Amino acid sequence: MAGKALGRYFYFTPLVLIAFLLAQLPELEAASPLYRNSVASESPRAVLEASKILRRGGSAADAAIVAALVAGGTSPTSSGIGGGGFLLGFDSKKQDTFVLDFRETAPAGLDASVFEERPLGVERSGHLVGVPGELRGLQALHQRAGRLPFSELVEPARRAAADGFATSRHLHNMLVWAEKKVKTVPGLASIYFSGGRPAAVGARLKNPGLARSLKKVRDDGVDAFYQGPIAAAFVAQARAHGSPMELSDLKNYQVKTRQPLCTNFAQHRVCTMPPPSAGGLMLMELLQLFQPEELRSLGHDSSAYQHLIAEGMRGAIADRLRYLGDPDFQTVDTKGLLDPQRMSLRRSMISATRTHGLPSFGLEEHGTHHLATSDSDGNIVSLTTTVNRLFGAKLNVEEYGIIQNDELDDFTPQKVMTAFGMSRSPNRPRPGARPISSMTPTIIFREGQARYALGGSGGMTIATNVSQVVLNLLAFSMNPQEAVSADRIYIPTQQETVRIEKGADEQLAKELRARGEVVGRQKFSTTAVQVVSAQAAGAPSAADPRKFGGAWSDE
Ligand code: DON
């Protein structure tokens, strides 16, 4: 009897099981993925093209390459193949967080004395042009995490340059702002000021020179930029304006891999860019100086909170000026700088009612582009790229549509250092060195899985902005859109001790003054933070409204 029953049980079980599984099938198919394809960028066209690549099965790296190249053509005030940048990537299969440094580099023949004579004027502006790392960096990213052929990733940018792209609101605003300086640059007026006026929002622009360069890169690979006629034209243009750059400088350019700086904060792990970025150090210092509960209890909009982080940021800026230089040229002891004892001593010196001022060292800039991507396998890329100031050195390699960077302007003038009690800067101009940067590409993990990728643009505002957005996400539990939109403060390099946004409440300014701050106001229109939210169940990715960027996810 028992045997019979058992037999029936075994006989029916597989059928029941199959029927049960079949009934579940539609649900299994529709089961939610863990990660989403997503992109956030300052350039709407870059978002569009990167989203197409992700939909075609491209990886986060593929999408980042497309977005960087498209942004370089359609937001040329900020970045391009004549510039360079930094990126953090996460390979979910290998559980590996990697850093690529494709920062511009000083040519071997650099003349350091010229840097003490800044501003240089147009005839000597070539001295500020660094050997560009952009394409070598994108190539290295592709070798590491690319899925589709590199040539296919170049094509969207080539097409935009050849067939035309719409003038974005940000580009239009920058053309209006920089009209006088940019209009006279050979080859730029015919593209961006046709009819004598800055291109209107939506006006269709073409860049045949850039299309020519990108066609060569698409067909012959990245070497086509670093050797041959494009390299020769790039070097000739820089040399015509005083640069000692040689063809060998381009040929010898190398991308550097580095170890990220990481720390734990509010049940998350935050990883960011090490030197030659100073941005990552600021973020790490803030996350070690303060506990999330302490900040939360003060309240985001309170003057107490704003003053506390302003003090933390000023400390990090002083550390930048005193201790940071190209790590390949001197020891940079980030471990010592972030030592818990040092941080707790510094914390004990921060008071709610006293302000530590910084000597004036005057560095203000207006370009750069941050973009981030994620794919459905949980890979993520956080990439910041720049030509430094608006249209870089304002030198255009006309035949190839390449704007030359003025990144070497980020080397610190030695005269600034006396105010910091030093005779020479660790960030001094040296042949082959990379200048210290504010760029802060960052990835945030929860329980070993990438959750957010973020970073920002806007010169010295980059690190202060990214640090505040990380705190918004983690200490104040804002979603990405809230986090990038909330009012921010900035630590200026001269005049005031802190700047608040133009429209911020006067009560905040009053209370900050009572804490010893000298308060200014600033329109934050050239600074923007983008956040990709990689987990499918998370809140959507977001672009900063301040620069009219965009974000896309495949939900
Ligand atoms: O690397 C840096 O920190 C700067 N060269 C970035 C330049 C920049 O963001 C320009 N603009 N605001």
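The values are calculated or read from the model by the stated rules, or taken from the named source; none is laboratory data. Just so it is clear, the model here is predicted, and its values are computed rather than measured. Every residue, glycine as well, gets a Cβ built from its backbone with ideal geometry; the counts of neighbours run over all protein chains shown. Ligands, DNA and RNA are excluded from the accessible area calculation, which covers all protein heavy atoms including side chains. Shrake-Rupley method; radii C 1.70, N 1.55, O 1.52, S 1.80 Å.
Would you mind counting up the charge near Asp328? Only other residues with Cβ under 12 Å from its Cβ, with Lys and Arg at +1 and Asp and Glu at -1. The partial results should precede the final answer.
Working: positive: Arg103, Lys256, Arg258, Arg430, Arg434; negative: Asp101, Asp326.
It works out to a net charge of +3.
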Three-way shape label, region 35-95, alpha-carbon gyration tensor, a/c 1.5: oblate
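With every protein chain left in place, what is the accessible area per residue of the chain in square angstrom, probe 1.4 Å? Don't skip to the answer; put the middle values down first.
Details: 21540 Å² over 555 residues.
Roughly 39 Å² per residue, with all protein chains present.
Sorted by accessible area with a 1.4 angstrom probe, largest first, how do Val498, Val332, Val201 fall? Mind dumping the intermediate values first?
On the way: Val498 0, Val332 30, Val201 70 Å².
Greatest to least solvent exposure: Val201, Val332, Val498.
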Inter-part distance where region 316-381 and region 79-116 are each reduced to a Cα centre, Å: 17
At least 30 Å along the helix axis (C-alpha) and Kyte average at least -0.5, DSSP helices within the chain: 2-29
Per-residue ³J(HN,Hα) for region 268-273, Karplus 6.51 cos²θ - 1.76 cosθ + 1.60, θ = phi - 60°, Hz, x for Gly and Pro: 10, 10, 10, 10, 8, 7
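Which order do you get for Lys335, Lys256, Lys94 if you rank them by accessible area with a 1.4 Å probe, largest at the top?
Working: Lys335 175, Lys256 60, Lys94 145 Å².
Listed by decreasing accessible area, they come as Lys335, Lys94, Lys256.
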Spin-label model distance (nm) - Arg144 vs Ser190, 7 Å beyond Cα toward Cβ: 3.9
Between region 177-223 and region 228-300, the alpha-carbon center distance in angstrom: 27
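Using only alpha carbon pairs under 8 Å that are at least six residues apart, calculate the relative contact order of the chain and give it in whole percent. Mind showing how you got there, number by number?
Working: 1303 pairs, mean separation 128.6, N = 555.
It rounds to 23 percent for the chain.
Percent antiparallel among DSSP beta bridges with both residues in the chain, to the nearest 5? Please report the intermediate quantities before stating the final value.
On the way: 61 of 66 bridges.
Bridges in the chain that DSSP calls antiparallel: roughly 90 percent.
Working out 0.36 nm times the residue gap between Arg342 and Val518, then minus their Cα-Cα distance, what length gain in nm do you get to one decimal?
Details: separation 176, 0.36 × 176 = 63.36 nm, distance 2.67 nm.
In short, 60.7 nm is gained.
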The chain shape via C-alpha gyration tensor axes, a/c threshold 1.5: oblate
Ser243 long-range amide H proximity, modeled H, under 5 Å: Gly126, His127
Proximal aspartates and glutamates relative to Lys510, as straight alpha-carbon distance under 15 Å, when same-chain residues fewer than 8 apart are discounted: Asp301, Glu496, Glu501
Residues whose placed amide H lies under 5 Å from that of Ala504, excluding near-sequence neighbours: none
Exposure rank, largest accessible area first [Phe265, Phe548; 1.4 Å]: Phe548, Phe265
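Ordered by packing density, taken as the mean number of other Cβ atoms within 10 Å over each peptide's residues, highest first, how do 78-88, 462-472, 164-174 rank?
My ranking of the peptides, most packed first, is 78-88, 462-472, 164-174.
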Shape category assigned to region 200-283 from the gyration tensor of Cα positions, a/c cut at 1.5: prolate
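Fully extended, how many nm does the chain gain between Gln95 and Gln449 (0.36 nm per residue separation, minus their Cα-Cα distance)? Working shown, then result.
Numbers: separation 354, 0.36 × 354 = 127.44 nm, distance 0.85 nm.
So the extension gain works out to 126.6 nm.
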Restraint check, Lys180/Lys547; Lys415/Lys547; Lys256/Lys502; Lys93/Lys216, Cα-Cα greater than 29 Å: Lys415/Lys547; Lys256/Lys502; Lys93/Lys216
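For a Förster distance of 51 Å, can you work out the FRET efficiency between the beta-carbons of Lys206 and Ala318, rounded to the nearest 0.05? Please list the in-between numbers first.
Details: r = 47 Å, r/R0 = 0.92.
Efficiency for this residue pair is about 0.65.
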